Amino acid sequence: MPEEIINQHNTAYIPLHKHRRQLIRVAVIMIAVLLLMVGFGTFYMVRMFAGGRVALREAKNIRLAMVSADIEAYGVGRSIYAPERAEGLSPGTHDKIAYLTDINGELRLTDYKKSEHLITGFTYKKSRYLVTFFVDEQGEENWKVDYLLPIMDY
């Protein structure tokens, strides 16, 4: 029996059963590469979500410390809000918050109701995570966690 078989179009082809082992090897390699890619993607997503939860927990602790510092400042007739400063906090407030919690990122008070002494917005950036807290028009508290992915740095 010849190795090549001539089909109706006068072209030669080799039957698949002759290269069964090669096809199985290629299929196994392709499946392994696919499983590796899916596994890496799953690991990266789980790690990203876990980091986001840690950043959110820290931001919630920071909010509690800010409320505590605000109550203390209210007792002496001051406010923790200083809109003229870059971080939005009055002098000494950041140190008080750092004393009460473990701040591992950048904190910025973005919105504050002076009449009610109510913290209505702040951001906390820890490594690649940005946690945003704000109070909407209905008075509901909202937390948003974003993963920052730099595209270009030049």
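The values are calculated or read from the model by the stated rules, or taken from the named source; none is laboratory data. Values in this document were obtained by computation on a predicted structure and should not be read as measured data. Cβ atoms come from the backbone with ideal geometry, glycine included; neighbour counts cover every protein chain shown.
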Residues satisfying the stated conditions in the stretch 108-130, i.e. modelled with pLDDT of 95 or more and under 22 Å from A50 (Cβ atoms): T123, Y124, K125, Y129, L130
Evaluation of I24 against (1) hydrophobic (A, V, I, L, M, F, W, C); (2) out of contact with any Asp or Glu (no Cβ under 7 Å at 6 or more places or on another chain); (3) surrounded by 14 or more Cβ atoms within 10 Å (Cβ to Cβ) (one fails), failing number: (3)
Some residue of the stretch 25-38 being within 14 Å of I119 (Cα to Cα), at pLDDT 90 or above and under 29 Å from the mean Cα position of the chain (by Cα): no
Top-ranked residue in the stretch 67-116 [being of a type in the set (A, V, I, L, M, F, W, C) and assigned to a loop (DSSP other than H, G, I, E, B); ranked as farthest from R128 (Cα to Cα)]: V76
Test result for S68, surrounded by fewer than 18 Cβ atoms within 10 Å (Cβ to Cβ), touching a Leu at 6+ places or on another chain (Cβ under 8 Å) and among the polar types (S, T, N, Q): yes
Test result for D136, touching a Ser or Thr at 6+ places or on another chain (Cβ under 7 Å) and of a type in the set (D, E): no
Scan of the stretch 79-92 for residues that are of a type outside the set (G, A, S), more than 27 Å from the chain's Cα centre (by Cα) and either under 15 Å from Y124 (Cβ atoms) or surrounded by 15 or more Cβ atoms within 10 Å (Cβ to Cβ) (or both), ordered by number: I80, Y81
Matching residues in the stretch 131-154 - criterion: being at pLDDT 90 or above and of a type in the set (V, I, T): V131, T132, V135, V145
